[in-house]
Amino acid sequence: MITIPPSEVLAIKDVDQLRKLILRDLEGRDITREEFFHVFGLCDAIWYHSGDPREPHVVLDSGLCSNGYVSCPKVLQYLEFCDLFAYQAAREYRKQVAEAPQWVVGSAYAALDFSNSVARQFGAIHGHTEKVVVKLDGGGEREEQRLKRFEIPEGMLVLDAEELMSTSGTAEKVHVGIEQGNPHPVRFAPLLVLVHRSPVTEFRGRPIIYPPQFHLDIWTAKPEECSLCQNGSERIDNVKDTANWQRLLSWSKAA
């Protein structure tokens with residue numbers, strides 16, 4: 001397969017041009033860390049705090065503050081990029097695991113496109129869990145992932161492919177949801193992750209598989225322990241809101 005050098009990829013500053021290039025012949029090699037940042041940057045999908053206390057910072061869904069944020073859906077909405085990064089993740093899986101999965105699953109909702117593309121890389125069947133909200137005794141709610149529309153035959157090797165990992169919480173919900181919702185025992189492959197932005201490197205006693213060039217050193221902290229909060233940086237709670245996201249990106253672009 002003919003491939004193109006990283007220098008040619010990095011020279012392209014237009015998303016549509018890059019999509020055409022990748023559609024043609026970028027597969028066939030590991031893409032570099034610089035190319036990863038270039039693609040995510042063109043898609044406005046990655047943000048790091050500059051250190052300037054005047055710049056706001058992110059509060060994650062967990063309630064923790066963070067100095068960085070990655071929005072994989074902004075990249076994976078382009079099918080060419082989704083297939084490219086699924087190829088990269090599957091390539092890393094094959095380096096570490098001899099047995100190919102027969103089923104690939106992803107969590108609802110952000111991982112669905114990515115896990116679908118990963119399944120096609122292996123010629124596997126694709127399934128997914130669904131979000132459900134469980135009422136707790138005494139009040140309160142808990143969000144879970146449940147396997148509701150699929151039945152995985154006994155003995156199948158099942159790969160959970162997630163587009164992003166900050167903690168192992170979502171993966172644990174997926175595994176528990178499948179174990180509880182499937183009528184047969186499930187045999188899981190090691191967890192596969194595209195963008196790894198977590199200190200966690202093992203899941204259920206096995207190494208987490210991810211392209212090493214896609215690991216990001218992004219920290220999280222409780223608000224009372226956050227150095228950005230202590231220096232007066234504004235907290236942005238709903239970073240998924242388009243206006244809030246653009247505020248963050250405007251600082252990065254100005255820098």
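In the chain, taking the dipole from charged Cβ atoms about the Cα centre, the farthest positive-side position among 70, 118, 216 is held by 118.
Within the listed set 63, 205, 140, the Gaussian network model of the chain (springs between alpha-carbon atoms below 10 Å) gives the highest mean-square fluctuation for 140. What whole number of Å gives the distance from the Cα centroid of region 1-75 to the Cα centroid of region 188-255? Answer, in whole Å: 14.
For region 128-199, the average shadow cast by the Cα convex hull is 5.7 nm², which is a quarter of the hull's surface.
Cross-link partners for residue 148 among the aspartates and glutamates, with Cα-Cα distance under 19 Å and sequence neighbours closer than 8 places in the same chain left out: 113, 130, 160, 162, 172, 179. Where the convex hull is taken over the Cα atoms of region 6-214, what is its projected area averaged over directions, in nm²? The orientation-averaged projected area of the Cα hull of region 6-214 comes to 13.8 nm². Restricting the GluC sites (Glu not before Pro) of region 83-154 to loop positions (DSSP other than H, G, I, E, B) with no more than 16 neighbouring Cβ atoms within 10 Å leaves 99, 151, 154. Here's how it looks for residue 236: its modeled amide H is under 5 Å from those of 57, 58, 59, which are all 5 or more places away or on a different chain.
Divide by every residue of the chain the summed helix terms, -39500 (n - 2.57) for each DSSP H run of at least 4, and state the resulting mean residue ellipticity at 222 nm, rounded to the nearest 500 deg cm²/dmol.
Numbers: 9 runs with 89 residues, N = 255.
Only helices count here, giving -10000 deg cm²/dmol.
For a 4.7 Å threshold on C-beta separation, the list of partnerless cysteines in the chain reads 43, 72, 82.
With a 10 Å Cβ neighbour count serving as the proxy for reagent exposure, in which order, fewest first, do 8, 172 appear? Walk me through the numbers before you get to the answer.
Numbers: 8 11, 172 14.
So the residues, fewest neighbours to most, are 8, 172.
Most simply put, the chain has about 45% antiparallel DSSP beta bridges, counting only bridges with both residues inside it.
Going by how many other beta carbons lie within 10 Å of each one, how would you line up 165, 156, fewest first? It would help to have the intermediate numbers written out before the result.
On the way: 165 22, 156 15.
The fewest-first ordering by Cβ neighbours comes to 156, 165.
Give me the Å³ per residue figure for the convex hull around the C-alpha atoms of region 181-232. It would help to have the intermediate numbers written out before the result.
Working: hull volume 7.2 nm³, N = 52.
Hull volume over Cα atoms, normalised by residue count, gives 139 Å³.
Residue order for 32, 242, fewest other beta carbons within 10 angstrom first, comes to 242, 32.
FYI, it's all coordinate maths here, none of it is from the lab. It should be emphasised that the depicted structure is a prediction, and the values quoted were computed from it without experimental measurement. Neighbour counts run over all protein chains shown; Cβ positions are idealised from the backbone, glycine included.
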